[in-house]
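Please read the structure below before turning to the comments.
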Amino acid sequence: MSYRFSVNGDPVEVEVSGMRRLLDVLREDLALTGTKEGCGEGECGACSVLLDGAVVDACLVPICQVDGTSVRTVEGLGTEQQLNDLQAAFLETGGAQCGICTPGMLMAAEAFLAAGGPATDDSIRDAIAGNLCRCTGYTKIVEAIAVAAERRRAAGSDPD
Amino acid sequence: MTRVLPPGTQELLAPDPLVVPAGTRTPGRIANRSPLRREGPAKLTGAAKYADDLVFPGAWYGATIRSTEPHATLLGVELDEAFDWSRVVVVTAADIPGDNVVSLIRDDQPVLVPVGGEIRHQAEALCLLAAADRETLREAKRWVRVRTERLPAVFDPLESTEEISHLEIGRGDLDAGFAEAELVIDGTYRVGHQEQLYIENQAMIAVPQLDGGVSVHGSCQCPYYIHAALKRALQLTDAQAVVVQAETGGGFGGKEDYPSMIALHAALLARKVGRPVRMIYDRHEDLSATTKRHPAVVRHRTGVMRDGRLVAQDIDVVMDGGAYCTLSPVVLSRGVLHAGGPYRCPNVRIRGRSMATHTPPNGAFRGFGAPQTEFAAETQVNRIAEALGMSPLELRRRWAYQEGDETPTGQVLRESVAALDVLEAAADASEFERHAEQTRRAREARQSGARVASGIGMAMGWHGAGFTGSGEVHIASVASVELTAEGTVRVLTAQTEMGQGTKTIFPQLVAGALGLEPDAVEVAPQDTSIVPNSGPTVASRSAMVVGGLIVKAARRLRAEVEAATDRTFGESYRDFVLEHGSLRVDEHFEPYPNVQFDDVTYTGDAYPAFSWACAVARVEVDLDTGEVTVRDVVSADDAGRIIHPVLAEGQVEGGTLQAIGYATIEEIKLVDGRYLNDRLATYLIPTALDAPRLEAILVEKPFSGAPHGAKGIGELPMDVGAPAVVAAIHDAIGIWIHDLPATPERILAAVTGAPAPPPPGLSAPTPERGTT
Amino acid sequence: MPVEPPVSSPRTLPDAYALLAEAPHRPVAGGTDLLVQITGELGEPPERVLDIWHLDELRGIRMEPDALVLGALTTYTEMRRSPLVAEFLPAFAEAAGTIGAAQIQNRGTIGGNVMNASPAGDMLPLLLACDAQLTAGTARGERRIPVREFWPAYRRTALQPTELLLRISIPLAAGRQLRYRKVGTRRAQAISKVVMALAWQIDEERDAAWRDVHLALGSVAPTPIRAHDTEAVLEGAVPSEAVADRAASTLAGEISPIDDVRSSADYRRAVAARVLHRLLRDEGGW
């Protein structure tokens, strides 16, 4: 069957079985390998993407439910030459070590930042509770998200 | 304490984010500006290619048929005729051209169990399948018939009669020591398995080469281990076996030796299929079949004087190696060498043995034997402090090693001893004594019906940097710095980046030695056809040993270029290349001066230097449920000269959280020698909501034997987190938990006086036939 | 390796009913249970899947006289954000916040929790404590099933293979108190070891004695259960230390938890009793 949706703003059409996981469509059919598979059971969050703005585990979403939606992945945030503010914050604080959890973590953080609530230690940790990291202990990840939140807030209130 | 932004955020909002924030506790760091992670942008944008991201056109998929019994004779592997096998390639032990051995320390582990051979653990690899697509492969797996004859299985290392290795170290007169002692304290401590839980599953892709060789690409820590294993089992020459590390999503020791197995499997299939074969584990297979931390039973008998003097230590360590030797002798060795804790004791005996059981072989995991024995040592010390009515801080002040003290192997700690420094730094930063007084008063005032209890606990540890004893001499590392024909500077080592930052600190070190900016120094890929064998990325050796080699190589390169051009390196190196061509300096490992170790008697300098750590943890225990919330942990860690504070903090923070998990929720239960926790829904590691606030304090006691003064930091934090948590639990509720993990089930049973859960790390017996 | 069974994605309820009437289908809502089970390692994958995600008739949270009605496709995030839930059933929002984490809450549905029929389903004790009514439909019409009849056996529901769960109606009793407790291994992404919901009314005429007590638990039996013996201890009683002691010990005797990978029968039994005791102490105010 044919499914049409957008990925990072680009329209996409795939001809695949409806129960094919969004994760596999992204990685194999669209060659967007930034989204990772860590467990295939919705526990680790490495496959997190935004589906109509909501962070979800792509390993649990069948493509038949993606028809007509807008998907955002890590590839849509920035480029190596031009990181977005959240990615830059991760780079500065040391929020990425081995990097395998990072794409999913960034998407969960983006969803959190987009929701616009206060960026406290507790609210940030709650927002990324579905993203397991084994390397960092989460400390510098939380720092990075707080820095990005503050920068976005400051940019938002910038009179320019 | 309420806080709107996490600590340190304010500094990071300063205009120049490259400067390490003022007030960071790292005096004397090498460079004031720490470079950003070299491969950071690639990782942050999804551009970094991990094994499963790599594309090899025409590749087939591989799968493994595994044993479902812990101990059996393999009578046969048959392919049911109901399935069309023409679409599938099958590999058995009979297809192995060389030795059917996963080459490591001892030749006991087969690549595949041969027909007629002995299955020695659940999930042991019996045969391999490959097909062009995964649906065919999944179907095919169902039609493989394995015939076995079951044999009796041994699961308890204390009952096993098959010893893998043993070791004894000691000094002084134990009997005299105990005769003198005014108080003798006994303790038995048990720790269970722990899974490394790298978020990227094991993965290898093998590509057959025209010369009859094979190249393997995948997730690993030690490309040259795999190289040796491929040569042995596939009868390949040095050039025919090529190992290329892909971006690796975590290792922690779990990708030290196991990748050789999966690489061999992929390679055997690739050679038979004649195409690349992808062997990518899913989480269930990874959890079921790969190595774990060794469970251990550690018994302490300690003699002390009532005034607090330590006079005798008798320690017995039994480790469960699982079914094969793998790295057990070295894990046991490190465990034994650290088992007494960082304390001065005149009469010591430490004995250890690693025993085989019919469970999957255990292997390397951050700390490598030391977290097990240091958990026991520190809990024993904390119990002794309680028995003596002394503060655990005060007792450690008296006992901690100082410069000039001698260890159980007779090593004189001549320099770089920071035990007291980390102790005071952690106690100070955590306000240990103030909080301990508070918790003491709260405990005394506690009414029945209280909801929670708070506690604070401390633990100290040490960790020898580099390989034990003459290990570094045997490895004979070679690392190189090259001035390439293109006029660039390139570092060539086999050290694998897995997040700890080798790709950032190696250019930083070399640039520092050459007077360049780090961005001007490249890092060659970890490809065995390109880089020399600088040894494995384990044992906290990469910064100290290999970092030391490349600093020396860079200095020699600089001297040579400056002598030829009579200008500084930075000004002249490109001209040098135009005139003289490329220049490569290979630095061979040379033993550290005055470091001597006798492998036979196991005496002397076990490590060139030790790193030191102290952790203080604060917990809350829910008195209704026994659940433990770890609120915060301060960890003071000395690793000699700190090369990169942000990366070093990352090691402390990450290692501490792994230790917290080890202490609290990371539990593996076994039945019939099989792990019950074989999915991520059942093997649990801390989420961001479970993680405590972590404060890393970096302390520097440089090591003069290394040209840059650095020691190792990767494993050190793992040694102290768990006993600090257990001590805090005791401070809260007055109960010593001797078994890890200190689960709510253990804690509540101890609180209510109910029967304790079974000991950790031991398989429940084989169920009766006919029942589940 | 994930399996990809054939799936139909009806856009209307009649289309969905027609497909179900034709052949057995396994419905998929947010996928947080089914997609985990579909690898085939946890049992046979379904032959045929019915994707109900596009059935807007199954969405929405609305008020009816004396009841809050949740469409079967109501996600945990929707429950957490709903002003109606916040006002009338805050314990439901609290429970939804303990399930998984953001990713799971954005996709998991209350209908899925009900139909998955796990003894550990986190929302299920709340439904039992509130005497919820579940509405199932086929082409021939709808029927209401009281929640206490909904899970007749381990992982089984009262629905026929041709029926679809449409909505859940939660009666709102004026003055009813509702509390929720979950004990899991970690603070997010944890299947419960014990999960409990307690509902009661205060009888002002009888010195604030408790009445209409409903105590429901998960993870302590093959299905979510009501603890009737324990309810009897609390019914008509004014909470006190003695009442709490008796209720706790009755509960310990009434439930039949097991040892499993997550926890032990002993622990579950002890903790269920202790958590109830604490709850009664918190609410009873003695």
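Among the GluC sites (Glu not before Pro) found in segment B:31-97, those both in a DSSP coil and sparsely packed, with 15 or fewer other Cβ atoms within 10 Å of their Cβ, are B:Glu81. Computed from the C-beta positions of C:Glu87 and B:Glu78 and an R0 of 56 Å, the FRET efficiency is 0.30 to the nearest 0.05.
Peptide C:95-102 has a mean shielding of 5, counted as Cβ atoms of other protein chains within 10 Å of each residue's Cβ.
What does the charge add up to near B:Pro757, with Lys and Arg as +1, Asp and Glu as -1, over the other residues with Cβ less than 9 Å from its Cβ?
-2
For B:Arg150, put the label point 7 Å out on the Cα→Cβ axis and report which residues of segment B:101-141 keep their amide N under 14 Å from it. Those under the cut-off are B:122.
Among the listed pairs B:Lys141/B:Lys272; B:Lys255/C:Lys182; B:Lys552/B:Lys711, a Cα-Cα separation exceeding 25 Å is found for B:Lys255/C:Lys182.
Take the solvent-accessible surface of the protein heavy atoms, probe 1.4 Å, and return the percent of it on segment A:85-157 that carbon and sulfur atoms account for.
Numbers: 960 of 1710 Å².
Roughly 56 percent, rounded to a whole number.
Ranking B:Pro114, B:Leu578, B:Val489 by Cα position along the charge dipole of the protein assembly as shown, where only Lys, Arg, Asp and Glu carry charges on their C-beta atoms, puts B:Pro114 farthest toward the positive end.
Summarising the label geometry, the points placed 7 Å from Cα in the beta-carbon direction at B:Thr565 and A:Asp10 lie 4.3 nm from one another.
Spin-label model, B:Arg87 to B:Arg434: label points 7 Å out along the Cα-to-beta-carbon direction sit 7.1 nm apart.
Within segment B:364-440, report the GluC sites (Glu not before Pro) that DSSP leaves as loop and that have at most 16 other Cβ atoms within 10 Å. Let's see the in-between values first.
Working: sites: B:Glu374, B:Glu378, B:Glu386, B:Glu394, B:Glu403, B:Glu406, B:Glu415, B:Glu424, B:Glu431, B:Glu433, B:Glu437; in loops: B:Glu403, B:Glu415, B:Glu431.
Sites meeting the loop and neighbour criteria: B:Glu403, B:Glu415, B:Glu431.
With a Förster radius of 60 Å applied to the C-beta separation of C:Glu22 and B:Ser529, the computed FRET efficiency comes to 0.50. Between the residues B:Ala639, B:Ala696, B:Gly661, the greatest Cα displacement towards the positive end of the dipole of segment B:608-702, with unit charges on the Cβ of Lys, Arg, Asp and Glu, is found for B:Ala639. For the pair segment B:399-458 / segment C:254-276, the C-alpha centres are spaced 36 Å from each other.
What is the sum of charges, Lys and Arg at +1 and Asp and Glu at -1, for the other residues whose Cβ falls under 14 Å from the Cβ of B:Ser582? Result for the local shell: -4.
What FRET efficiency, computed as 1/(1 + (r/R0)^6) with R0 = 51 Å and r the Cβ-Cβ distance, is obtained for B:Glu182 and A:Glu28, rounded to the nearest 0.05? Rounded to the nearest 0.05, the efficiency is 0.15. Taking a ≥ b ≥ c as the square roots of the eigenvalues of the Cα gyration tensor, chain B is classed as oblate, since a/c reaches at least 1.5 and a/b does not exceed b/c. Listed by chain and number, the lysines whose alpha-carbon sits under 22 Å from that of A:Lys140, ignoring those within fewer than 8 places in the same chain, are A:Lys36, B:Lys43, B:Lys503. Across the accessible surface of segment A:2-76, with the other protein chains kept in place and a 1.4 Å probe, carbon and sulfur atoms take up 44 percent.
Let me spell out the model: positive unit charges on the Cβ of Lys and Arg, negative unit charges on the Cβ of Asp and Glu, origin at the Cα centre of segment A:2-76. What dipole size does that give, in debye rounded to 20? Don't skip to the answer; put the middle values down first.
On the way: 6 positive and 13 negative charges, 17 e Å.
Charge dipole of segment A:2-76: 80 debye, to the nearest 20.
Computed over neighbours whose Cβ is under 13 Å from that of A:Leu26, the net charge equals -4, Lys and Arg +1, Asp and Glu -1.
Evaluated with a Cβ-only charge set (Lys, Arg +1; Asp, Glu -1), the protein assembly as shown carries a dipole of roughly 840 debye about its Cα centre, given to the nearest 20. Residues of segment B:689-712 that bury at least 40 Å² of accessible area once all protein chains are present, compared with their chain alone (1.4 Å probe, heavy atoms only, ligands and nucleic acids left out), are B:Leu689, B:Asp690, B:Arg693. Based on protein heavy atoms only, segment B:55-139 ends up with 40 Å² per residue of surface accessible to a 1.4 Å probe. Counting only other chain Cβ atoms within 10 Å of each residue's Cβ, the peptide C:184-196 averages 6. Taking trypsin sites (Lys or Arg not before Pro) as exposed when DSSP calls them loop and at most 16 other C-beta atoms lie within 10 angstrom, chain B has its longest site-free stretch at B:568-768. Remark: segment B:45-151 carries a charge dipole of roughly 200 debye about the Cα centre, counting +1 on each Lys and Arg Cβ and -1 on each Asp and Glu Cβ. Heavy atoms of chains A and B lose about 4800 Å² of accessible surface on contact, summed over both sides with a 1.4 Å probe. Take the Cα of C:Arg156, step 7 Å toward its Cβ, do the same at B:Ala239, and the gap between the two points is 7.0 nm. Each of C:Ala244, B:Leu183, A:Leu86 was scored by the projection of its Cα onto the charge dipole of the protein assembly as shown, and the greatest displacement toward the positive side belongs to C:Ala244; charges sit on the C-beta of Lys, Arg, Asp and Glu. Per-residue shielding of C:4-13, expressed as the average number of other chain Cβ atoms within 10 Å of the residue Cβ, stands at 4.
The values are calculated or read from the model by the stated rules, or taken from the named source; none is laboratory data. Since the model is a prediction, treat every value here as computed from it, not as a measurement. Positions of Cβ are generated from backbone atoms using ideal geometry, with glycine treated the same way; all protein chains shown enter the neighbour counts. Calculation scope for accessible area: heavy atoms of the full protein, side chains included, ligands and nucleic acids excluded. Shrake-Rupley method; radii C 1.70, N 1.55, O 1.52, S 1.80 Å.
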